[in-house]
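Contents: one structure, followed by commentary.
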Amino acid sequence: MNLTLKIWRQPNGSATGEMVTYPITDVSEDMSFLEMLDVLNERLTAEGEEPVAFDSDCREGICGMCGLMINGVAHGPEVTTTCQLHMRSFSDGDVVTIEPWRASGFPVLRDLAVDRSAFDRIIDAGGYVSVNTGAAPDAHATPVPKENAERAFDAATCISCGACVAACPNGSASLFLGAKITHLAELPQGQAERHTRVLNMVHQHDLEGFGGCTNIGECTAVCPKEIPQDVIATLNKDMRHALWNRV
Amino acid sequence: MSPQEKDPMATNENEAPHGTAMGTSSDPVGQAEELAPAEVANESPSQGAAAGVTAPVSTPAADRADHDDAAGYYTTGAPIADTKAPAGPVERRWTERVFNAKLVNPANRRRLSVIVVGTGLAGSSAAATLGEAGYHVDAFFYQDSPRRAHSIAAQGGINAAKNYKEDGDSIYRLFYDTVKGGDYRARESNVYRLAEVSANIIDQCVAQGVPFAREYGGLLDNRSFGGVQVSRTFYARGQTGQQLLIGAYQALERQVAAGTVKTHARHEMLELVVVDDGSGPRARGIVTRDMVTGEIETHLADAVVLASGGYGNVFFLSTNAMGCNVTAAWRAHRKGAHFANPCYTQIHPTCIPVSGEHQSKLTLMSESLRNDGRIWVPKNAEDCDKDPRDIPEEDRDYYLERIYPSFGNLVPRDIASRQAKNMCDEGRGVGPMVGDQRRGVYLDFAEAIERMGRSAVEAKYGNLFDMYARITGEDPYATPMRIYPAVHYTMGGLWVDYDLQSSIPGLFVAGEANFSDHGANRLGASALMQGLADGYFVLPNTIRDYLADGPFPKITDDDPEVRAARANVQERIDHFLSVNGSRSVDSFHRELGHIMWEYCGMERSAEGLRTAIEKIRALREEFWRDVRVLGTNDSLNQALERAGRVADFLELGELMCIDALHRRESCGGHFRAESQTPDGEALRDDENFAYVAAWEWGGETGEPILHKEDLVYESVEMKQRSYK
């Protein structure tokens with residue numbers, strides 16, 4: 001198939017960017033979206049134009065490194081990561097716009113690559129259980145009810161790709177934040193630091209420039225791991241409890 | 001032999017329906033991602049012969065000893081030995097080493113600095129643990145977050161000798177299975193220690209909040225894996241690697257918050273700094289490139305830990321992530337670190353095949369598919385482009401069932417892989433033409449659907465079928481899947497002693513980047529175990545013995561060795577940016593991958609390997625002369641990053657071929673055409689090759705130098721395997 005790509009080009013973080021149009025021909029429907037961009041980059045290199053910068057690594061939907069805004073939708077038309085999107089989801093003649101995640105918490109580095117280190121700093125603020133290596137009791141010392149373990153797992157599958165932020169009109173990272181709060185809140189190991197964790201992580205989230213949640217739900221609509229929206233309810237509940245206890 | 005003993009997957013079947021396991025009924029992906037069906041025969045140590053193990057086959061040793069296929073390609077150096085493992089009973093060695101390794105006073109630790117390169121399971125866990133101990137740690141990774149390292153993609157599980165099922169497991173049994181699975185090419189002391197600390201890993205991960213699968217009573221669930229008869233594999237649905245890495249990542253970030261660890265995202269190590277302060281050469285730092293700004297930085301420390309993963313991407317197509325590379329390890333090799341057993345690679349039989357020249361990576365599917373799927377190709381090459389459903393039963397060749405009637409589709413992964421390639425090389429492959437042949441075989445569930453019903457197949461394999469459909473656009477319920485082998489893991493790596501110290505003092509190597517624990521083949525669910533064992537428990541205990549002699553004399557950016565290392569990095573970058581040749585970096589990488597796959601993949605021959613070496617040399621010369629890298633150094637330049645990696649792969653590839661050429665035996669996952677039994681099966685040669693091949697860099701124009709470390713088995717008896 002033949003497509004018209006409109007791609008955001010921006011030489012570096014401080015430069016202004018623009019959409020540039022690239023026609024591309026003979027796209028196989030078996031290509032992944034990123035392989036289609038690889039092919040474009042090989043052509044640009046041959047023509048003497050610098051290739052389009054974009055992040056990807058595992059290309060099997062788990063590392064969370066890739067993420068593009070495709071026709072205005074985070075990760076494109078299927079509910080999956082950009083690397084797992086295939087060209088059979090498009091049709092001959094389509095115009096496809098490709099942009100980076102846009103959020104004040106994710107500054108653009110170049111073209112389609114953004115800086116998501118804010119997510120690491122949110123985890124630094126408390127997204128862990130404080131246990132040194134060697135200090136653990138036997139793994140069977142504390143049984144965990146299966147339903148708690150399952151919900152913890154569902155939340156812990158977040159790949160930290162940032163699609164939730166990119167999709168949110170408020171630029172909120174509440175789904176990412178709620179996922180980590182829920183993961184640790186469901187487990188006995190996470191209880192000791194539960195209140196300080198939520199206070200510190202929310203504080204850091206706000207410092208990084210992410211917006212508040214107004215229950216729009218765009219985040220869950222694009223989340224490639226289908227993190228449920230009720231993790232944000234858990235986040236809010238824990239926040240209320242923590243504030244109440246602090247007072 | 002009872003039918004159950006014959007069928008190494010029977011234990012998995014017996015565990016069905018996994019009803020009590022979290023997520024298992026809907027999640028077959030995790031069921032046995034790395035199910036290496038008969039890598040471990042199901043015997044207890046004393047019953048070998050009863051379960052598919054035969055006595056050693058005599059080898060024409062005298063012929064072999066005189067015959068060196070690789071003569072002229074290398075020179076032989078002095079033998080080496082591990083001097084760090086205490087003598088005495090294998091089960092006492094780790095306790096003794098922990099006791100004898102010097103301690104570092106807590107007040108001194110903050111004056112000692114350690115660089116960790118790579119933040120997968122080994123790197124993250126090492127950096128976190130060293131930070132907790134109070135050392136000053138700097139962690140480097142090329143991704144934008146430490147949590148993205150490729151350990152995250154491991155699916156199946158992690159072994160540990162907990163014996164929670166009271167089914168006869170023990171540290172000794174896990175040790176035994178690992179040595180045997182590695183086809184007697186791993187060091188006994190290291191493997192025993194791995195088994196010994198395995199149980200602590202599970203405790204640590206649970207305490208961190210890793211959501212392992214649990215039973216209804218709230219206790220941890222286990223499954224049997226890789227054909228072993230004990231259930232020792234812990235798992236978190238099909239995402240065990242992800243959950244373990246998040247646990248290690250969170251421990252790491254906690255130390256970042258505490259100020260003991262500083263992370264350096266999007267920083268790639270491009271050179272090792274080795275400085276002789278009068279007491280001999282020591283690893284004292286690294287040169288990195290900030291991948292966003294292009295700045296070349298020097299980072300100095302008292303010790304350097306490489307946890308930079310494996311080198312499967314030398315094949316271009318593999319199940320590794322796009323960025324996985326050998327550069328950190330290779331730059332260390334060029335500075336004096338021996339590279340051990342580089343030809344030991346693991347190839348997985350059930351990957352989704354290549355769909356065209358655009359293919360950028362391969363995706364693994366669980367080998368559990370071979371429990372119920374039947375593998376075949378058309379008998380006649382002219383049927384290969386037909387709709388498989390139109391090919392009548394009598395025109396199909398169920399070749400594994402034909403050649404291996406007792407194991408059938410459940411033969412070990414190396415045999416399944418090799419035979420798939422043989423079928424395609426014969427011209428009977430299926431799927432699209434890629435290059436000069438079709439690279440795929442059918443994995444057919446029609447019979448399983450008829451036998452079990454579609455809903456049962458769906459319950460067991462639904463996730464895998466969905467993944468296959470998403471990637472290929474084909475419905476595997478209606479038409480047979482196509483599979484093809486792919487490179488998955490590299491057992492070779494930098495040589496280390498029992499302390500995980502390389503042949504350069506002060507340079508330690510952990511995880512897949514070292515060679516130490518898996519011999520010539522790795523068992524399923526053991527990669528995660530090794531990464532975390534090294535990082536949480538082994539390295540922090542052994543590195544202190546080295547650090548206790550520090551802090552080492554202060555060096556600065558202006559020391560001649562440091563300046564030379566930086567200049568070397570700058571020179572390479574300047575070269576890549578100035579060649580302005582006619583071929584892209586990827587086109588060279590693809591071509592190298594093709595050479596490696598054809599000649600240094602599953603089946604190797606002396607003639608093929610010599611051809612490969614010539615081709616690689618020519619390609620490398622062309623690369624330096626004709627590569628095209630556009631842009632500048634002072635910005636995010638992904639082609640420039642890849643150019644450096646491919647330059648190193650082009651050197652590694654040659655060493656892999658030389659290693660494979662000199663090792664004239666079939667062992668582990670490797671088949672040497674010149675070393676087979678009369679009926680065409682792999683023939684190991686213990687008399688001539690029961691050693692670790694540790695290669696020393698021979699200089700730009702010199703030949704690599706082979707140092708042999710003899711492998712001595714005191715606790716386990718060496719046996720040949722047989723699957724016919």
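The values are calculated or read from the model by the stated rules, or taken from the named source; none is laboratory data. Please read these numbers as outputs of a predicted model, since none were measured by experiment. Heads up, the Cβs are rebuilt from the backbone with ideal geometry, glycines too, and the neighbour counts pull from every protein chain shown. Heavy atoms of the whole protein, side chains included, go into the accessibility calculation; ligands, DNA and RNA do not. Shrake-Rupley method; radii C 1.70, N 1.55, O 1.52, S 1.80 Å.
I'm checking my understanding of the structure. Among residues of the stretch B:277-298 that are within 12 Å of another protein chain (Cβ to nearest Cβ) and open to solvent by less than 20 Å² (accessible area, probe 1.4 Å), which one is nearest to B:Pro560 (Cα to Cα)? Talk me through it step by step, then tell me what you get.
Residues of the stretch B:277-298 that are within 12 Å of another protein chain (Cβ to nearest Cβ), as a first pass: B:290-294.
Adding the requirement that they be open to solvent by less than 20 Å² (accessible area, probe 1.4 Å) leaves B:291, B:294.
Working: B:Met291: 25, B:Gly294: 23 Å.
Filtering the stretch B:277-298 for residues that are within 12 Å of another protein chain (Cβ to nearest Cβ) and open to solvent by less than 20 Å² (accessible area, probe 1.4 Å), the one nearest to B:Pro560 (Cα to Cα) comes out as B:Gly294.
Quickly run through the stretch A:96-152 and pick out the residues that are among the β-branched types (Val, Ile, Thr) and out of contact with any Ser or Thr (no Cβ under 6 Å at 6 or more places or on another chain).
Of all residues in the stretch A:96-152, those among the β-branched types (Val, Ile, Thr) come to A:96-98, A:108, A:114, A:122-123, A:129, A:131, A:133, A:142, A:144.
Within the stretch A:96-152, A:Val96, A:Thr97, A:Ile98, A:Val108, A:Val114, A:Ile122, A:Ile123, A:Val129, A:Val131, A:Thr142, A:Val144 qualify.
Taking only the stretch A:148-176 into account, find how many residues are within 11 Å of the chain's Cα centre (by Cα), within 14 Å of chain B (Cβ to nearest Cβ) and without any contact (Cβ under 8 Å) to a residue 60 or more places away in the chain.
The number of residues fulfilling the criteria is 1.
The conditions are (1) in contact (Cβ under 8 Å) with a residue 12 or more places away in the chain; (2) away from chain A (no Cβ under 14 Å), and B:Lys165 fails exactly one of them. Which is it?
Unmet condition: (2).
Report, by residue number, each residue of the stretch A:53-110 that is open to solvent by less than 10 Å² (accessible area, probe 1.4 Å) and of a type in the set (D, E, K, R).
Scanning the stretch A:53-110 gives a single hit, A:Asp57.
Exactly one of these conditions fails for A:Ala179: (1) under 17 Å from A:Asp115 (Cβ atoms); (2) in contact with a helix residue (DSSP H, G or I) (Cβ under 6 Å, 6 or more places away or on another chain). Give me its number.
Only one criterion in (1) under 17 Å from A:Asp115 (Cβ atoms); (2) in contact with a helix residue (DSSP H, G or I) (Cβ under 6 Å, 6 or more places away or on another chain) is unmet by A:Ala179, namely (1).
Give the residue that is nearest to the other protein chains (Cβ to nearest Cβ), with candidates limited to residues of the stretch B:351-367 that are under 17 Å from B:Leu592 (Cα atoms) and of a type in the set (S, T, N, Q).
Of everything passing the filter in the stretch B:351-367, B:Ser360 is nearest to the other protein chains (Cβ to nearest Cβ).
Take residues that are under 30 Å from B:Arg664 (Cβ atoms) and in contact with a helix residue (DSSP H, G or I) (Cβ under 7 Å, 6 or more places away or on another chain) and tell me which of the helices (runs of 4 or more DSSP H) falling wholly in the stretch B:528-625 contain 2 or more. Write out each step before concluding.
Working: elements: B:539-547, B:560-579, B:585-599.
It comes to B:585-599.
The rows are residues; the columns are (1) at pLDDT below 95; (2) over 14 Å from the mean Cα position of the chain (by Cα); (3) closer than 25 Å to B:Tyr235 by Cα.
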residue: A:Ile62; (1), (2), (3): no, no, yes
residue: A:Gly67; (1), (2), (3): no, no, no
residue: A:Ser89; (1), (2), (3): no, yes, no
residue: A:Arg102; (1), (2), (3): no, no, no
residue: A:Arg121; (1), (2), (3): no, yes, no
residue: A:Pro143; (1), (2), (3): no, yes, yes
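In this structure, does B:Ile391 turn out to be in contact (Cβ under 8 Å) with a residue 12 or more places away in the chain, open to solvent by 10 Å² or more (accessible area, probe 1.4 Å) and either within 30 Å of B:Val326 (Cβ to Cβ) or away from chain A (no Cβ under 14 Å) (or both)? Give the derivation first.
Working: in contact (Cβ under 8 Å) with a residue 12 or more places away in the chain: yes; open to solvent by 10 Å² or more (accessible area, probe 1.4 Å): no; either within 30 Å of B:Val326 (Cβ to Cβ) or away from chain A (no Cβ under 14 Å) (or both): yes.
Against the criterion (in contact (Cβ under 8 Å) with a residue 12 or more places away in the chain, open to solvent by 10 Å² or more (accessible area, probe 1.4 Å) and either within 30 Å of B:Val326 (Cβ to Cβ) or away from chain A (no Cβ under 14 Å) (or both)), B:Ile391 does not qualify.
Go through the stretch B:252-268 and give me each residue that's within 24 Å of A:Asp57 (Cα to Cα), open to solvent by less than 10 Å² (accessible area, probe 1.4 Å) and of a type in the set (A, V, I, L, M).
B:Leu252
Within the stretch A:35-47, is there a residue that is crowded, with 19+ Cβ neighbours inside 10 Å, over 30 Å from A:Thr21 (Cβ atoms), of a type outside the set (Gly, Ala, Ser) and touching a residue at least 24 places away in the same chain (Cβ under 8 Å)?
Scanning the stretch A:35-47, I find no residue that is crowded, with 19+ Cβ neighbours inside 10 Å, over 30 Å from A:Thr21 (Cβ atoms), of a type outside the set (Gly, Ala, Ser) and touching a residue at least 24 places away in the same chain (Cβ under 8 Å), so the answer is no.
Within the stretch A:1-27, take every residue that is of a type in the set (S, T, N, Q) and touching a Gly at 6+ places or on another chain (Cβ under 9 Å) and give me the one that is most open to solvent (accessible area, probe 1.4 Å).
Taking the stretch A:1-27 as the starting set, the residues that turn out to be of a type in the set (S, T, N, Q) are A:2, A:4, A:10, A:12, A:14, A:16, A:21, A:25.
After this cut, where a residue has to be touching a Gly at 6+ places or on another chain (Cβ under 9 Å) as well, the list is A:2, A:4, A:10.
Details: A:Asn2: 72, A:Thr4: 45, A:Gln10: 15 Å².
For the stretch A:1-27, the residue satisfying everything is A:Asn2.
Of all residues in the stretch B:180-214, which are surrounded by 24 or more Cβ atoms within 10 Å (Cβ to Cβ), among the β-branched types (Val, Ile, Thr) and within 22 Å of the chain's Cα centre (by Cα)?
Those that are surrounded by 24 or more Cβ atoms within 10 Å (Cβ to Cβ), among the β-branched types (Val, Ile, Thr) and within 22 Å of the chain's Cα centre (by Cα): B:Val191, B:Ile201, B:Ile202.
Within the stretch A:36-66, which residues are more than 19 Å from B:Leu640 (Cα to Cα) and either more than 7 Å from chain B (Cβ to nearest Cβ) or in a helix (DSSP H, G or I) (or both)?
Once the filter is applied, which keeps residues that are more than 19 Å from B:Leu640 (Cα to Cα) and either more than 7 Å from chain B (Cβ to nearest Cβ) or in a helix (DSSP H, G or I) (or both), the stretch A:36-66 yields A:Met36, A:Gly61, A:Cys66.
For B:Gly427, work out the one condition from (1) assigned to a strand (DSSP E or B); (2) surrounded by fewer than 17 Cβ atoms within 10 Å (Cβ to Cβ) it doesn't fulfil.
Here B:Gly427 meets the rest and fails (1).
Just to be sure, is A:Val131 touching a residue at least 24 places away in the same chain (Cβ under 8 Å), at the interface with chain B (Cβ under 9 Å from one of its Cβ atoms) and under 28 Å from B:Glu215 (Cβ atoms)? Give the steps one after another, and end with the answer.
Numbers: touching a residue at least 24 places away in the same chain (Cβ under 8 Å): yes; at the interface with chain B (Cβ under 9 Å from one of its Cβ atoms): yes; under 28 Å from B:Glu215 (Cβ atoms): yes.
Judged against the criteria, A:Val131 is a match.
Among the numbered criteria (1) surrounded by 24 or more Cβ atoms within 10 Å (Cβ to Cβ); (2) touching a helix residue (DSSP H, G or I) at 6+ places or on another chain (Cβ under 6 Å), which one does B:Asn514 miss?
(2)
How many residues does the stretch B:144-162 contain that are open to solvent by 20 Å² or more (accessible area, probe 1.4 Å) and in contact with a Cys (Cβ under 6 Å, 6 or more places away or on another chain)? Let's see the steps before the verdict.
In the first step, residues of the stretch B:144-162 are kept if they are open to solvent by 20 Å² or more (accessible area, probe 1.4 Å); the result is B:150-151, B:154, B:162.
Narrowing further to those that are in contact with a Cys (Cβ under 6 Å, 6 or more places away or on another chain): B:150.
Here the count works out to 1.
Please specify each residue of the stretch A:171-207 satisfying the condition of being surrounded by 24 or more Cβ atoms within 10 Å (Cβ to Cβ), part of a helix (DSSP H, G or I) and polar (S, T, N, Q).
A:Ser174, A:Thr182
For the stretch B:104-161, what are the residues that are assigned to a loop (DSSP other than H, G, I, E, B), polar (S, T, N, Q), in contact (Cβ under 8 Å) with a residue 40 or more places away in the chain and more than 10 Å from every other protein chain (Cβ to nearest Cβ)? So that I can check it myself, show each step before the final result.
First pass over the stretch B:104-161, keeping only residues assigned to a loop (DSSP other than H, G, I, E, B): B:104-105, B:110-112, B:118-120, B:134-135, B:141-145, B:149, B:154-157, B:160-161.
Remaining after also requiring polar (S, T, N, Q): B:105, B:119, B:143, B:145, B:155.
Adding the requirement that they be in contact (Cβ under 8 Å) with a residue 40 or more places away in the chain leaves B:119, B:143, B:145, B:155.
B:Thr119, the sole residue that qualifies.
Is it the case, given these coordinates, that B:Ile705 is of a type in the set (A, V, I, L, M) and buried (at least 20 other Cβ atoms within 10 Å of the Cβ)? Show your work before the answer.
Working: of a type in the set (A, V, I, L, M): yes; buried (at least 20 other Cβ atoms within 10 Å of the Cβ): no.
No, not satisfied.
Is it the case that some residue within the stretch B:126-143 is among the polar types (S, T, N, Q), touching a strand residue (DSSP E or B) at 6+ places or on another chain (Cβ under 6 Å), farther than 23 Å from B:Asn190 by Cα and open to solvent by less than 30 Å² (accessible area, probe 1.4 Å)? Spell out how you get there, then give the answer.
Let us first name the residues in the stretch B:126-143 that are among the polar types (S, T, N, Q), namely B:129, B:143.
Going one step further and asking which of them are touching a strand residue (DSSP E or B) at 6+ places or on another chain (Cβ under 6 Å), we end up with none.
No, the stretch B:126-143 contains no residue that is among the polar types (S, T, N, Q), touching a strand residue (DSSP E or B) at 6+ places or on another chain (Cβ under 6 Å), farther than 23 Å from B:Asn190 by Cα and open to solvent by less than 30 Å² (accessible area, probe 1.4 Å).
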